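In what follows, a single structure is set out as structure tokens and then discussed.
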Amino acid sequence: MANSSKKNNVPLYLFHQGTNFKAYEFLGAHPAKRGRSEGAVFRTWAPHAQSVSVVGDFNDWDPQKHPMKKLSDAGLWEGFIPRVERFDTYKYCITAEDGRQILKADPYAFHSETRPYTGSKFYDISGFPWGDEKWIEEQKSANHYQQPINIYEVHFGSWKQKENGDPYSYGELADELIPYVKEMGYTHVELLPVCEYPFDGSWGYQVTGYFAPTSRYGEPKGLMEFINKMHKNKIGVIIDWVPAHFPKDEHGLYEFDGGYCYEYSDIQKREHSHWGTRIFDFGRNEVVSFLVSNAMFWVEQYHVDGIRVDAVASMLYLDYGKEDWEWTPNKNGGRENLEAVEFLRTLNKAVLSEHPEVMMIAEESTAWPLVTKPTFVGGLGFNFKWNMGWMNDMISYMSLDPLFRCYNHDKITFSLCYAFAENYVLPISHDEVVHGKCSLIGKMPGEYEQKFAGVRAFLGYMYAHPGKKLLFMGQEFGQFIEWDYKKGLDWMLLDYPMHQKLRDFVKELNLFYRKNPPMWQVDDSWDGFTWISHDDNTQNIIAFRRIDEKGNEIIIVCNFAPVKREHYRIGVPDYCHFKELLNSDDVRFGGTGVQNTEPVKVDDIPLHGYETSMEITIPPLSTVYFKGLRKRKRSKVKAVPAVKEAKQAPRRKKKEPEKQEEATDK
């Protein structure tokens, strides 16, 4: 090791070993003092470089003025520059092995210029006056698996805009968003990627500045202000994070030192040709240190409550999006990227060992096993996974004309075959309302009122199904057009009664979900869910129970046909009566008003494996919640987890539907 001090030995060694998970404290640009001179120390990793210098506002962008010294034979470079000021713009001038000089933004920079400019900015992120200590302490003792979690997914630039079309700053958006999120009853917001990115149309999924919040909405401490305000109002913040790949912009990580640095050198691993992006080299120690440090950075420096890891399937499979001749099997002859598997386990162990309160969420779109199981049993170590199979099935089912739903009944029941294999989040995300897929309400068949009824029935089922919830902005009030990242949501739709009533329903649904433990307390086992009837495909009806740890329960009945069903009998536990709690067909939500206004008497008529049953009226295109009133002591409840009297509903042979990632949004 050359030119290194004892102080630098440990972070240097750990960085090259792939175990420096706070590498951002050492690499990048940091305030420093050398002798009597105050300025900044710059460090970067460029293993193939002949030489590196820092160029910027402070030296007229002259590569000769501030050359860097090599700290290690493995390619770490360091340089001190006096009198560097806050917001000074800089880059690294790298002389590649072939003699080319290339200008690169700092991979560890805390701040960047706003596109179309591409320089890094010197910025000290220390000293923000956080006031969320109470929230942080509460989260440390929280059990997310047994808590209500309903997430509002938000894109910073298009949730709402100013009258002149300008975006809100981080702090301004917090002031607009917080009252809405609190009123609507969401527990968390999830932000589309906040890291710096050059192309607006990527929505942040093609990152060039992993440690820099995008400057589109202000400086880094503005994002801290946003999160601080959220926490003070008891709203958690989850961010989307993209460790799978990066774009080929010249100023970014692409061939950073003139050679293959952050990406694979192997041509069959190097690139996602369908996305036009490079794949991180998950087997390279310095890349592992970079990525894990980045996740830790957002947790520790920005206090985020969760990280949703994008495009996990593209990391796990060597043949993802590739033809047969474009990939090589691993050492075992399989298609798994063993290095990526090990990286994900390292990532989750590192973050959750220090911050067990954080949610590590995988967007994994295949049937890869044990995604949310601990690493010591062979799992990937996430604590939640998006349920893409459920999402695909339900979107497909709800898009059908009700006349044909009876032939596709398994789409609403099949998810229970694997619902407890992982800890799931049920997502209706931005991916489902772009690129010709229609908005959620636009997917619904039928005339105007029927479309709203379909959304309400679907959401009623979604909130009762095991798993945490996520809904993309605008779907809660029935935005008809697809999401457009260039403009704000169509808030003027709330001037129309049906849109306002749909939002009222979602608000009521959120509050009901949060107040009733049967809806969320036991999301991961059959102890919290029991079928009553899952095979009435001819009438498009299902009925089931959600149960909490104390045995309290709610009965859910879903009718996905636009036909009212009178005198419909279902088996129920042995209560005296059942009271209707929430009805998506209520007039106040825009429905027809078909209700069970009086408590429904329970009869001694056996059905569906129960000794007793009740006769109800089911509104058209609806989801209805019921609660039992006063248990009868004369007989025991005979709870059966599946229908005994009727044949099993049709089920698929495969374990979980596979879905390839959408290439167009990455």
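The values are calculated or read from the model by the stated rules, or taken from the named source; none is laboratory data. All values reported here derive from a predicted model rather than from experimental measurement. Here Cβ is always computed from backbone atoms with ideal geometry, including for glycine, and neighbour counts include all displayed protein chains.
Answer with yes or no whether residue 313 is aliphatic (A, V, I, L, M) and in contact with a strand residue (DSSP E or B) (Cβ under 7 Å, 6 or more places away or on another chain). Answer is no for this residue. Counting the residues of the range 118-141 that are surrounded by 13 or more Cβ atoms within 10 Å (Cβ to Cβ), out of contact with any Ser or Thr (no Cβ under 7 Å at 6 or more places or on another chain) and of a type in the set (Ser, Thr, Tyr) gives 2.
In the range 589-601 there is no residue that is in the same structural domain as residue 536 (by TED's automatic domain parsing) and in contact with a Gly (Cβ under 8 Å, 6 or more places away or on another chain). Do we find that residue 345 is assigned by TED's automatic domain parsing to the domain that holds residue 442, basic (Lys, Arg) and buried (at least 18 other Cβ atoms within 10 Å of the Cβ) in this structure? It is true that residue 345 is assigned by TED's automatic domain parsing to the domain that holds residue 442, basic (Lys, Arg) and buried (at least 18 other Cβ atoms within 10 Å of the Cβ). If you scan the range 463-478, which residues turn out to be in a helix (DSSP H, G or I) and closer than 21 Å to residue 155 by Cβ? Scanning the range 463-478 gives 475, 476, 477. Taking residue 37, is it over 25 Å from residue 17 (Cα atoms), over 37 Å from the mean Cα position of the chain (by Cα), at pLDDT below 95 and hydroxyl-bearing (Ser, Thr, Tyr)? Here the answer is yes, as residue 37 does meet what is asked.
Only residues that are among the hydroxyl-bearing types (Ser, Thr, Tyr) and either outside any helix (DSSP H, G or I) or outside the structural domain of residue 314 (by TED's automatic domain parsing) (or both) were counted in the range 362-412, giving 4. The set of residues from the range 500-522 being in contact with a Lys or Arg (Cβ under 7 Å, 6 or more places away or on another chain) and farther than 21 Å from residue 181 by Cα comprises just one member, 518.
Yes/no per residue for (1) under 19 Å from the mean Cα position of the chain (by Cα); (2) surrounded by fewer than 17 Cβ atoms within 10 Å (Cβ to Cβ); (3) polar (S, T, N, Q); (4) modelled with pLDDT under 95:
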position: 372; (1), (2), (3), (4): yes, no, yes, no
position: 388; (1), (2), (3), (4): yes, no, no, no
position: 402; (1), (2), (3), (4): no, no, no, no
position: 406; (1), (2), (3), (4): no, yes, no, no
position: 410; (1), (2), (3), (4): no, no, no, no
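Within the range 447-499, restricting attention to residues that are farther than 26 Å from residue 415 by Cβ and touching a strand residue (DSSP E or B) at 6+ places or on another chain (Cβ under 7 Å), the residue that is surrounded by the fewest Cβ atoms within 10 Å (Cβ to Cβ) is 487. Against the test of being of a type in the set (S, T, N, Q) and touching a Leu at 6+ places or on another chain (Cβ under 8 Å), the options 500, 539 yield a single qualifying residue, 500. The criterion of being outside any strand (DSSP E or B), outside the structural domain of residue 258 (by TED's automatic domain parsing), under 30 Å from residue 358 (Cβ atoms) and aromatic (Phe, Trp, Tyr) holds for residue 130.
Answer yes or no: is there a residue in the range 479-487 that is outside any helix (DSSP H, G or I) and under 28 Å from residue 146 (Cβ atoms). No, the conditions are met nowhere in the range 479-487.
The criterion of at least 2 residues that are touching a Pro at 6+ places or on another chain (Cβ under 7 Å) and of a type in the set (A, V, I, L, M, F, W, C) is met, among strands (runs of 3 or more DSSP E) falling completely within the range 507-619, by 529-536. Annotation note: Cβ proximity below 6 Å between a residue of the range 348-364 that is without any contact (Cβ under 8 Å) to a residue 24 or more places away in the chain and a residue that is surrounded by 24 or more Cβ atoms within 10 Å (Cβ to Cβ) (sequence gap 6+ or interchain) occurs for no pair. Among the residues of the range 164-185, some residue qualifies, meaning at least one is among the aromatic types (Phe, Trp, Tyr) and either in contact with an Asp or Glu (Cβ under 6 Å, 6 or more places away or on another chain) or over 30 Å from residue 465 (Cβ atoms) (or both).
If we keep just the residues of the range 297-333 that are more than 19 Å from the chain's Cα centre (by Cα) and of a type in the set (A, V, I, L, M, F, W, C), which is nearest to residue 209 (Cα to Cα)? Filtering first and then ranking leaves 318.
I'd like the residue in the range 189-199 that is over 29 Å from residue 150 (Cβ atoms) and not aromatic (Phe, Trp, Tyr) and, out of all such residues, is surrounded by the fewest Cβ atoms within 10 Å (Cβ to Cβ). Within the range 189-199, the match that is surrounded by the fewest Cβ atoms within 10 Å (Cβ to Cβ) is 198.
Being among the aromatic types (Phe, Trp, Tyr) and over 22 Å from the mean Cα position of the chain (by Cα) holds for only one residue in 168, 217, and it is 168.
For the condition within 29 Å of residue 17 (Cα to Cα), surrounded by fewer than 24 Cβ atoms within 10 Å (Cβ to Cβ) and in contact (Cβ under 8 Å) with a residue 24 or more places away in the chain, residue 105 does not qualify.
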